[in-house]
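Q: My questions all concern the structure below.
The values are calculated or read from the model by the stated rules, or taken from the named source; none is laboratory data. Fair warning: this is a prediction, and the values are worked out from it, not measured in the lab. We place every Cβ from the backbone using ideal geometry, glycine too, and count neighbours over all the protein chains shown.
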Amino acid sequence: MFLPPSQNPGNEPGTSRALVWLRLFKPARVRINQRERWRMVLGMVMCIAVVALFAHSLGMASSPPWMVASLGASAVLIIALPSSPLAQPWPVLAGTVLSYLVGVACAALVPSLSLASGLAVGLSVAVMLALRCLHPPGGGMALFAVLHPHDSTAAAALPVAFNVLALVLAGMAFNHLTGRSYPHAQARPPSTRKESGAFTSADLDAALSHYNQVLDVSRDDLEGLLHLAGKAAFQRTLGELRCRQIMSAPVHVVVADTPLKDAWALMRKQAIKALPVVDEQQAVIGIVTMADFMRLANLEVHEGMGQRLRTLILGRPKRPEQVQGLMSAPVLQVLAEQHVMDLVPLFSDAGHHHIPVVNEEQQLVGIITQSDLVKTLAAAVTQT
């Protein structure tokens, strides 16, 4: 028995909103392969072990805090997200040490533990934002200083700084050995190259200003990813198109014995620049274009000295009267089911302007011009 829509609990607006809200907690899939997963795990082990050995070698283990838990969070950023603005050396070093000092100050000046904890984290974020060194584990360092006032003094900032420096150096070495860029450039110098594509740098800046949130990716990396996505979408859009979808049809044609004056009159009347020449089976045997007529009309004007000598000795060749005497043959053809992407080198490199389209029986079914291809490319760019 089916309940009416109004009585079905699954169709109640409140239930659907609750399901949508619950889906917000679904974790996103991490799009990395197994090799990258093991690189990250090995990097965490090596970096934290190096920091611990460094602290022991300098005798820091005898005086707390010789190592703090937030270094583990910093290691995750440095190894797993080496291109993140939050993981660069300046945010890691300055964000951690300055936040620790802010926590020490709050612990000493604010009697209430609850208020001191909140102020330490909030003020540390304010300092990091002001100095462009936002580093999430810095908030943990500020809170640690408040919760452990006996172990947290201004002098303890020195071993903390040494530990963070060791972590950064270990991360730089490991990322370099495993093919990752670290430190990662956050702002490339302005390019003099003319921008092209679906959006410009100014468009991206406007979108980021409207978004008004901190992104865990550099602006240049984000721009590069968007351009790559647009390029992939452009190739996908063209890759799905077939010649039959962009060709002009039906096609005006002539036969081999059509008088040239009739072919010319047809081209003028229909405002076209090419006429495929077909046989009785509608197979393409040649093509005559506006350029062929122009060359015929200006033959005497463009004669060179060699051509004039040959004309003087052999006489001037008789002008053709039918299409077969002027047409170009053989003719490049494409199949109706062929991908449009195959046409790009034919038009751009081979110098073709009109390409007849045939079916599997080699019968003419349409024609594609440079204008047809340009319109298709423009539409693909607009969609991306």
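Q: Out of everything in region 352-378 that is free of Cβ contacts under 8 Å to residues at least 60 places away in the same chain and under 30 Å from the mean Cα position of the chain (by Cα), what residue ends up being farthest from Ile272 (Cα to Cα)?
A: The extreme case among them is Ala378.
Q: Please go through region 237-296 and pick out each residue that is of a type in the set (S, T, N, Q) and loosely packed, with under 14 Cβ neighbours inside 10 Å.
A: Gln245, Gln270, Gln281
Q: Quick one: would you say Ala126 is loosely packed, with under 15 Cβ neighbours inside 10 Å and modelled with pLDDT of 95 or more?
A: The answer is yes for Ala126.
Q: Using the structure shown, decide if Leu86 is out of contact with any helix residue (DSSP H, G or I) (no Cβ under 7 Å at 6 or more places or on another chain) and either in a helix (DSSP H, G or I) or surrounded by 19 or more Cβ atoms within 10 Å (Cβ to Cβ) (or both).
A: Taking the combined requirement at face value, the residue does not satisfy it.
Q: Go through the residues of region 291-313 one by one and say whether even a single one is in contact with a strand residue (DSSP E or B) (Cβ under 7 Å, 6 or more places away or on another chain), at pLDDT 75 or above and of a type in the set (A, V, I, L, M, F, W, C).
A: Looking through region 291-313, none of the residues is in contact with a strand residue (DSSP E or B) (Cβ under 7 Å, 6 or more places away or on another chain), at pLDDT 75 or above and of a type in the set (A, V, I, L, M, F, W, C).
Q: Run down Ala232, Ala173 and say which single residue is at pLDDT below 75, of a type in the set (Gly, Ala, Ser) and not assigned by TED's automatic domain parsing to the domain that holds Glu360.
A: After applying the criteria, what remains is Ala232.
Q: Also, I was wondering about something else. Condition test on Leu123, is it out of contact with any Leu (no Cβ under 8 Å at 6 or more places or on another chain) and of a type outside the set (Gly, Ala, Ser)?
A: Spelling it out, Leu123 is indeed out of contact with any Leu (no Cβ under 8 Å at 6 or more places or on another chain) and of a type outside the set (Gly, Ala, Ser).
Q: Criterion first (more than 33 Å from the chain's Cα centre (by Cα), in the same structural domain as Phe144 (by TED's automatic domain parsing) and not polar (S, T, N, Q)) does Ala73 satisfy it?
A: Here the answer is no, as Ala73 does not meet what is asked.
Q: Would you pick out the residues in region 251-273 that are more than 39 Å from the chain's Cα centre (by Cα) and touching a residue at least 60 places away in the same chain (Cβ under 8 Å)?
A: Scanning region 251-273 gives Val251, Val253, Val254, Val255, Ala256, Asp257, Thr258, Pro259, Leu260, Ala263.
Conditions (1) modelled with pLDDT of 80 or more; (2) out of contact with any helix residue (DSSP H, G or I) (no Cβ under 9 Å at 6 or more places or on another chain); (3) surrounded by 10 or more Cβ atoms within 10 Å (Cβ to Cβ), marked per residue:
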site	(1), (2), (3)
Val20	yes, yes, no
Leu24	yes, yes, no
Ala52	yes, no, yes
Leu58	no, no, yes
Val68	yes, no, yes
Leu71	yes, no, yes
Val76	yes, no, yes
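Q: OK, next. I need the full set of residues from region 101-128 which are hydrophobic (A, V, I, L, M, F, W, C) and part of a loop (DSSP other than H, G, I, E, B), in order please.
A: The answer is Val110, and nothing else.
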